[in-house]
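The values are calculated or read from the model by the stated rules, or taken from the named source; none is laboratory data. What you are looking at is a predicted structure, and each value in this text was computed from that prediction instead of being measured. Here the Cβ is made from the backbone with ideal geometry for all residues, glycine too, and neighbour counts use every protein chain on show. Ligands, DNA and RNA are excluded from the accessible area calculation, which covers all protein heavy atoms including side chains. Shrake-Rupley method; radii C 1.70, N 1.55, O 1.52, S 1.80 Å.
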Amino acid sequence: KIKILMMEAVVSTQSTGFNPDFISRMLSRLDWTVFVQSANLLGVGEGLPDMLPEDQDFDDEDVLKKIHHALLEVEVIEGELECPETGRKFPISKGIPDLRLNEDEK
Amino acid sequence: NLRTMLVGSPKKRFLVVFAHVFQEFRLPELLSVCQLHDIELEHDGYSEEHPYCIIRVADEKHISTLLNRCVMIQFIVEVWEEHRSREGLCKAPFSNYPTSSYSFNILLHSFGRKVPATEKIDLIESMEHLPLSGKVDCRDPDRVFYIVERYTDRTAGPTDVYFGPLVGRGTREILDKFSVKKRLYIGRTTMDAQLSFLMANLALIRPGCLTYDPFLGTGSLLIPPAYHASYCFGSDIDIKALKGWGKSTKQGEERYEQDQNVEGNMLSYGLERYYLGCHASDFSSGVLRRVPFFDVIVTDPPYGIREASLRVNKDIKNSQYSLSEQFLELLNFAAATLVLGGRLVYWIPVIRDLYTPASLPLHPALTLKYNCQQVLTKKSARRLLVMIKTRECSAEDASFVQGDNTSHNQYREVYFSKT
């Protein structure tokens, strides 16, 4: 449906307990390309592999920590999301994106 | 039969004393918590008519687990004696139990008749072979014992009489700490603590699972998951509810303060590390990718009463998006976005006269596990439905209602009607 590219204005980083099991389990559920793209836009993409490892038991802790940081610890507080297809902008305010569509956009 | 088997077994038997509310939810919660912790449990004598149930578990440590996690259990007693009359208990030889010199207190719990204190004292004094030689201490005894009596006829003697040491009480601290009366941010749709923790148990929420609520409101359904170390997030069409704008529904408050919002609650409980955030969206617009993602979806969709089923254009009256479509959409969404084995736990309102099991929404990829009714008024109730994703979705799969959906589809109309 809508693919999102991110443009950040204000970003916050909160330290959260690292849970390697959770991160490993989430890997297969993520759209990896979009995730890495978003992480790069936020400046936390360094060290993330371009492609998700095939290995189900991926446990390189350094990389998992970087994924954990990008996934759970970095948050856009104020900013905008832009749909790459339509250019439609969605505001983010106080950390809450407003993704509601107008009636004519549905 | 099971009773004979249990009596003859060398393993210990325990008497669970449930809270006598939400009767349809109690056994499902107990069985769900057992599944969550891989506890093999046998139960006997459970009924919605009274609060007692005999159980047998492989390991006594499981009893603490049950007491810590179940919100419907008041306390659990180890069964030393079980009789069909008081006389039976009074004459019980207690030959298997060594005499204990600990200080003790004996309490009585009854159902179906209130037993006066003097009668309780007489009863205890009539127990001929009680193996307790220590002092009676009402304030801080070393051990607490229970006599439990069930009456089916208030004018006759009890039909079931149990005696044994108290193993433990259910943790009221959690329900007290998370009581909505004390919560920083609440609204009209906030779910009360006992029910929200019950939902988390029926959803088998465990540490590290990913939970989503697509009708987040004030965020009350994500607090128990966060408490159980589940990473959670949600969405709602009402951005004011998420941000905490507008008039407060709390007594004595005018408008919500800066910190009164979904995130504020998480911060106040120290659970913010598990709260992944929220966004505003119309659930039916399909903002999220339809791929397996969540372990659990817990939610309380609008019934069309308090917070009206909103669409962005706020055109409720002419909206073709009926309540029924909302639930069908929820099942389609859950079937697509739950991982295999994941659970959807949600409430559906019913007009009691119109309800039949065939009026519930179904989906080929979801299996209905539990269906528990909470009566609200003479006319209305709501049902908590627990569904498990038992296979992957294919493109042709769609939710459906086998029978007549008016018991929930017409909920708003019937609720407000004068008849």
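Take every Cα pair under 8 Å in segment B:1-145 that's 6+ residues apart, average their separations, divide by the length, and report that relative contact order as a whole percent. Relative contact order, segment B:1-145: 24 percent.
When DSSP beta bridges are restricted to pairs lying wholly in chain B, around 65% turn out antiparallel.
Centre-to-centre, using Cα atoms only, segment B:41-110 and segment B:148-211 are separated by 18 Å. Amide H contacts of B:I106 (H built 1.01 Å from N, in plane; Pro and chain starts excluded): B:F145 sit under 5 Å, all sequence-distant by 5 or more or on other chains. Have a look at segment B:233-254 and report residues whose accessible surface goes down by 40 Å² or more when the remaining protein chains are included, against the chain on its own, probe 1.4 Å, ligands and DNA/RNA excluded. Buried-area filter returns B:I239, B:K243. If R0 is 41 Å, the Cβ-Cβ spacing of A:I77 and A:S24 corresponds to a FRET efficiency of close to 0.90. Just checking the listed ones, B:D404, B:D142, B:D44: in the Gaussian network model of chain B with Cα springs under 10 Å, the one fluctuating most is B:D142.
The portion of the accessible surface of segment B:83-215 made up by carbon and sulfur, rounded to a whole percent, is 50 (1.4 Å probe; DNA, RNA and ligands excluded). The angle separating the long axis of helix B:23-36 from the principal Cα axis of greatest extent in chain B is about 90 degrees.
Rounded to the nearest 500, the 222 nm mean residue ellipticity of chain B from helices alone is -6500 deg cm²/dmol, with -39,500 (n - 2.57) taken per DSSP H run of at least 4 residues.
For the chain pair A and B, buried accessible area totals roughly 2200 Å², probe 1.4 Å, rounded to the nearest 100. Which shape class applies to segment B:244-297: rounded if a/c is under 1.5, otherwise prolate when a/b exceeds b/c and oblate if not, where a ≥ b ≥ c are the square roots of the Cα gyration tensor eigenvalues? Since a/c reaches 1.5 but b/c is at least a/b, the shape of segment B:244-297 is classed as oblate. The alpha carbon centroids of segment B:19-38 and segment B:341-376 are separated by 17 Å. Amide H contacts of B:G244 (H built 1.01 Å from N, in plane; Pro and chain starts excluded): B:V262 sit under 5 Å, all sequence-distant by 5 or more or on other chains. Taking each of B:K181/B:K247; B:K240/B:K379; B:K11/B:K61; B:K61/B:K91; B:K61/B:K389; B:K11/B:K91 in turn, the alpha-carbon distance tops 22 angstrom for B:K240/B:K379; B:K61/B:K91; B:K61/B:K389; B:K11/B:K91. Simple spin-label estimate for B:L368 and B:Y415 gives 2.1 nm between the two label positions (7 Å along the Cα-to-Cβ direction from each Cα). Normalising the average separation of contacting C-alpha pairs (under 8 angstrom, six or more residues apart) by the number of residues puts the relative contact order of segment B:32-73 at 34 percent.
Karplus-derived 3J(HN,Hα) values for segment B:48-61, using 6.51 cos²θ - 1.76 cosθ + 1.60 with θ = phi - 60°, are 6, 7, 9, x, 10, 8, 7, 10, 9, 10, 5, 10, 4, 4 Hz; glycine and proline are entered as x. Gyration tensor analysis over the Cα atoms of segment B:88-201 returns equivalent ellipsoid semi-axes of 37, 19, 13 Å (largest first, whole Å). Can you give me the relative contact order of chain B as a percent, contacts being Cα pairs under 8 Å and 6 or more apart? With pairs under 8 Å counted, the relative contact order is 12 percent.
For segment B:198-206, the Karplus equation 6.51 cos²θ - 1.76 cosθ + 1.60, evaluated at θ = phi - 60°, returns couplings of 4, 4, 5, 6, 5, 7, 6, 6, 10 Hz by residue, with Gly and Pro reported as x.
For segment B:74-155, the calculated P(r) over all alpha carbon pairs, in 5 Å bins from 0 to the bin holding the longest distance, is 3, 13, 23, 29, 20, 9, 3, 0 percent. Between B:T377 and A:E61, the distance separating the two model label sites (each 7 Å from Cα on the Cα→Cβ line) works out to 5.9 nm. Please check which bits of segment B:74-96 a label hung off B:E128 would reach, taking the label as a point 7 Å along Cα-to-C-beta and the cut-off as backbone N under 14 Å. Counting backbone N atoms under 14 Å from the label point, the list is B:87-95. Comparing B:E149, B:E396, B:E82 in a Gaussian network model of chain B (Cα springs below 10 Å), the most mobile by mean-square fluctuation is B:E396. Solvent exposure of chain B amounts to 46 Å² per residue of accessible area, where only protein heavy atoms count and the probe is 1.4 Å. Relative to the first principal axis of the alpha-carbon coordinates of chain B, what is the inclination of helix B:117-126, with its axis defined by its Cα atoms, in degrees from 0 to 90 and to the nearest 10? Roughly 50 degrees, rounded to the nearest 10. The mean number of partner chain beta-carbon atoms within 10 angstrom of a residue's beta-carbon across peptide B:285-295 is 4. Here the calculated FRET efficiency for A:N40 and B:L340, from their Cβ-Cβ distance with R0 = 22 Å, stands at 0.10, rounded to the nearest 0.05.
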